[in-house]
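Okay, so here's the structure we're looking at.
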Amino acid sequence: MAEPLVNQYGPEVPRRVADMLHAVCPTFDVNAFMVDVLQGYAALDLMARGRHMALALRRHLPSDVEMAMDLLVASARHVDKGEGSLASFLFLPHTCFVAEFGLAHFEAAMRAQHALTQVFTAEFSIRPFLEQHPQATLERLAEWVSDPSPHVRRLVSEGTRPRLPWGRRLQAFQLDPRPVLALLERLKDDPELYVRRSVANNLNDIGKDHPEVLVATARRWLLESSEHPGRFPHRRWVAEHALRSLTKAGHLGALSVLGFGERARVELLTPSVWPPQPAIGRSVELAFSLRNPEPMEQNLRVDLGVHYVKANGLTRLKVFKLKVVRLAPGATEAFRKKLSLAQMSTRVHYPGLHLVTVWVNGRPEPLGEFHLQPSITS
């Protein structure tokens, strides 16, 4: 199983934070801070460690909150973040400090987040401001959609996600996504994929509460693109990525927007699930062919569904995108996927009967099954 991310965020992180602050504020007591911050640190998860450090920083930085935020921003400038998947998380306590103590200092907090999001991300710290100061924060984000920094522009779309992973949900936007959609409209053709991906992820969030709003938005964006060929080359990708959850769930409206609304008339041939009794930690290979028996070409979106057994013995469907094909009359195309059964932090496998389905244009057909066995080392 993959190493938990929190293991990469050990006591060396607060030490680096302390050294950064001492470099810009010589009166910052590194040793006192370390004694304070390490109390209870090891028992916390990743995000909680960031907040824990922020609380300790409040006790050891100047009592003037605006001065303290200025020092945090200054300490983050021109710092080598180091290597590793959590390198930028060095500045998590900085943004946690702003979120925790900056609400009464709006302008200074906005300046700090504008700077910090360019070295880490302020997508978590901006959320309390959207809750406590919604109008002022939305107005500031409306200015930032034109910021020269793609990191700042991404903050606009990522920070307003109603269901941001690791962040608390923005219930007001879950109920009414219109303020968010107004911002996304201005970012949908951003020159940076980094920003466009965030726009699509935000729309995907919105679609979980308002699928009809997502479908209508994607349809309009694609219609605008078709009316101006070559002008909006990225719209198709944004729409597909935004609609991914709905299309995997077989939502016919979403599939129709992408051109897969027609029921496929195909033959499922040579289905294979091998081995039929794989062990946890190994893999299973899924294969089949589709034949088009019709006298016309068919546009097909082909996915695989696996009904994973959960700890309580029930199953949960996970759909994997396979391929989009245009299948000529009488033509046959083969599909194959090797499915890892290794234990991961994001998916824990349990023994039991796993059903496998083929999804063609959002409609499932049975492919077969495999009976997952306990790990040979267990």
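The values are calculated or read from the model by the stated rules, or taken from the named source; none is laboratory data. Everything numeric here is computed off the predicted structure, so don't read it as measured data. Neighbour counts run over all protein chains shown; Cβ positions are idealised from the backbone, glycine included.
A few comments on the model shown:
- Any hit, the stretch 177-197, residues being of a type in the set (Ser, Thr, Tyr) and assigned to a loop (DSSP other than H, G, I, E, B): no
- Candidate set from the stretch 306-330 (those that are touching a residue at least 40 places away in the same chain (Cβ under 8 Å) and not aliphatic (A, V, I, L, M)); member that is nearest to residue 290 (Cα to Cα): 321
- Total residues in the stretch 348-358, condition exposed (fewer than 15 other Cβ atoms within 10 Å of the Cβ) and more than 17 Å from residue 276 (Cβ to Cβ): 1
- Within the stretch 331-359, residues that are farther than 17 Å from residue 374 by Cβ have Cβ atoms under 9 Å from residues that are at pLDDT 95 or above and not in a strand (DSSP E or B) in these pairs: 331/292; 331/297; 332/292; 333/292; 339/278, counting only partners at least 6 apart in sequence or on another chain.
- Single match in 68, 74, 112, 54 (criterion: of a type in the set (A, V, I, L, M), part of a helix (DSSP H, G or I) and surrounded by fewer than 21 Cβ atoms within 10 Å (Cβ to Cβ)): 74
- Residue match in the stretch 97-105 (condition: of a type in the set (Phe, Trp, Tyr) and buried (at least 18 other Cβ atoms within 10 Å of the Cβ)): yes
- Taken as a whole, the stretch 122-130 holds no residue that is assigned to a loop (DSSP other than H, G, I, E, B), free of Cβ contacts under 8 Å to residues at least 12 places away in the same chain and not charged (D, E, K, R).
- Any hit, the stretch 223-245, residues being in contact (Cβ under 8 Å) with a residue 60 or more places away in the chain and not hydrophobic (A, V, I, L, M, F, W, C): yes
- The sole residue among 309, 319, 302 that is at pLDDT below 95 and either of a type outside the set (Asp, Glu) or over 20 Å from residue 368 (Cβ atoms) (or both) is 319.
- Of all residues in the stretch 139-176, those satisfying the criterion of being of a type in the set (S, T, N, Q) and either part of a loop (DSSP other than H, G, I, E, B) or outside the structural domain of residue 126 (by TED's automatic domain parsing) (or both) are 146, 149, 160.
- Yes/no for residue 217 being hydroxyl-bearing (Ser, Thr, Tyr) and closer than 30 Å to residue 341 by Cα: no
- Under the condition of being within 18 Å of residue 303 (Cα to Cα) and in a strand (DSSP E or B), the residues counted in the stretch 348-369 number 14.
- Residue that is over 30 Å from residue 34 (Cα atoms), in contact with a Lys or Arg (Cβ under 8 Å, 6 or more places away or on another chain) and not aliphatic (A, V, I, L, M), where the choices are 140, 163, 153: 163
Residues checked against (1) within 33 Å of the chain's Cα centre (by Cα); (2) modelled with pLDDT of 95 or more; (3) not assigned by TED's automatic domain parsing to the domain that holds residue 356:
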position: 250; (1), (2), (3): yes, no, yes
position: 280; (1), (2), (3): yes, yes, no
position: 293; (1), (2), (3): no, yes, no
position: 297; (1), (2), (3): no, yes, no
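- Given (1) among the hydroxyl-bearing types (Ser, Thr, Tyr); (2) within 24 Å of residue 275 (Cβ to Cβ); (3) not in a strand (DSSP E or B), number of the condition residue 345 does not satisfy: (2)
- Residue list for the stretch 298-326, filter: over 16 Å from residue 284 (Cα atoms) and of a type in the set (A, V, I, L, M, F, W, C): 300, 302, 311, 314, 317, 324, 325
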